[in-house]
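What follows is a single structure, written as structure tokens, with notes after it.
Derivation of every value follows stated rules applied to the coordinates shown; laboratory data play no part. On a predicted model such as this, the values are computed, not experimentally measured, just so you know. Cβ atoms come from the backbone with ideal geometry, glycine included; neighbour counts cover every protein chain shown.
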Amino acid sequence: MFKQQCSALTATGDTTKTLIDTFTVPDGCSAIVGVASQVCGSATLTTGESTTGLLELESDDAPVTPAAFLTDVITILTSGAVSLKPTQWPCDIKVKAGNRIKAYVTMDMAQTGALKARVQLTYA
């Protein structure tokens, strides 16, 4: 049986490593087996902006580092809608119940729209 947690929706700093949320590993879990992250802004762009971002996990309690994953980045033009489907990256990071895991996002370039990120951890 898997357990999942999602972070708060948090504003990203353009090219600054930004703490999105801190997770507490639930009881009965011994590993993070999947990670997903999505960065999205409102429909504010008038031209396309190509960018990427990085999700990093850190912990003082668990041996998660180095753990870095690409984040899905969605930039929305004012003229259209968007469909979101985050990538779930498989992993096998050993943890214990009660460990605190910090999730950070760093964007590779500044964006016109105000971007926000959400992170999901899947545990086994």
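I'd like the FRET efficiency for A31 and T10, computed as 1/(1 + (r/R0)^6) with the beta carbon distance as r and R0 of 25 Å, rounded to 0.05. Efficiency computed from Cβ-Cβ geometry: 0.50. Our coupling estimate for the range 95-106, obtained by passing each phi through the Karplus curve with A = 6.51, B = -1.76, C = 1.60 and θ = phi - 60°, is 9, 10, 3, x, 4, 9, 10, 8, 10, 10, 10, 10 Hz, Gly and Pro reported as x. Projecting label points 7 angstrom from Cα along Cα→Cβ for A124 and T22 puts them 2.9 nm apart. Gain on full extension, evaluated as 0.36 nm per residue between K94 and M109 minus their Cα-Cα distance, stands at 2.2 nm.
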